[in-house]
1. With respect to Gly63, determine if the residue is free of Cβ contacts under 8 Å to residues at least 12 places away in the same chain and either open to solvent by 40 Å² or more (accessible area, probe 1.4 Å) or in contact with a Ser or Thr (Cβ under 6 Å, 6 or more places away or on another chain) (or both).
2. Can you work out which of the residues in segment 41-60 that are outside any loop (DSSP other than H, G, I, E, B) and out of contact with any helix residue (DSSP H, G or I) (no Cβ under 7 Å at 6 or more places or on another chain) is surrounded by the most Cβ atoms within 10 Å (Cβ to Cβ)?
3. Just to confirm my filter: which strands (runs of 3 or more DSSP E) fall fully inside segment 105-153 and include at least 3 residues that are within 17 Å of the chain's Cα centre (by Cα), modelled with pLDDT of 95 or more and among the basic types (Lys, Arg)?
4. Name every residue in segment 14-35 that is surrounded by fewer than 18 Cβ atoms within 10 Å (Cβ to Cβ) and in contact with a strand residue (DSSP E or B) (Cβ under 8 Å, 6 or more places away or on another chain), in order of residue number.
Amino acid sequence: MQIRPATIDDVEQLAQLFRDTILTVNSKDYNEEQVNAWAATSKNIDRLKTKIKEDHFIVAEIGNVIVGFGSITAAGYLDFMYVHKDHQRKGIASKLLHEIKTQAIKWKLAEITTDASITAKPFFEKNSFKIITQQKVYIIDVMLINYKMHCII
């Protein structure tokens, strides 16, 4: 597995991985209406392109297949952390998070914050993130629960 910076050429693969992961992996913690609303945000290709240009946005790749991706802003917000539905529990998220933490240290950040799904919360807790608060977020008019979390660097 290789970790590398994301490029604009990755956008279609990233959008598909994002959508598929939400519809399969997150469906154990969210209902059909919730995952469908969340997965529909994968169509916002322009947002992905902007994040690739502006953030530290990395992908994990096996061969020529992207199996995970993550991003952090210069302000320390971990925005994306997704692993391919067929590559769960193989250490991919841990490697991505290590790279993100390394970048945060280079930027001399004091902490990383994220909004973690119910599904991702245990992963982040195992990696030194603490819950700040439970949140109700809305995608269009569909409510989802997630957690504002942070990790001191």
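1. yes
2. Here is the first cut: in segment 41-60, the ones outside any loop (DSSP other than H, G, I, E, B) are 41-43, 45-54, 56-60.
In the following step, the residues that additionally are out of contact with any helix residue (DSSP H, G or I) (no Cβ under 7 Å at 6 or more places or on another chain) were identified as 41, 43, 46-47, 50-51, 53-54.
Values: Thr41: 14, Lys43: 11, Asp46: 9, Arg47: 13, Thr50: 12, Lys51: 19, Lys53: 11, Glu54: 11.
Applying the filter and picking the extreme gives Lys51.
3. Values: elements: 111-117, 130-139, 142-152.
Where strands (runs of 3 or more DSSP E) fall fully within segment 105-153, none carries at least 3 residues being within 17 Å of the chain's Cα centre (by Cα), modelled with pLDDT of 95 or more and among the basic types (Lys, Arg).
4. Across segment 14-35, the qualifying residues are Asp29, Glu33.
The values are calculated or read from the model by the stated rules, or taken from the named source; none is laboratory data. The model shown is predicted, which means the values in this text are computed figures rather than measured ones. Counting neighbours? That spans all protein chains shown, and the Cβs are built from the backbone with ideal geometry, glycine included. Only protein heavy atoms, including side chains, enter the accessible area calculation; ligands, DNA and RNA are left aside. Shrake-Rupley method; radii C 1.70, N 1.55, O 1.52, S 1.80 Å.
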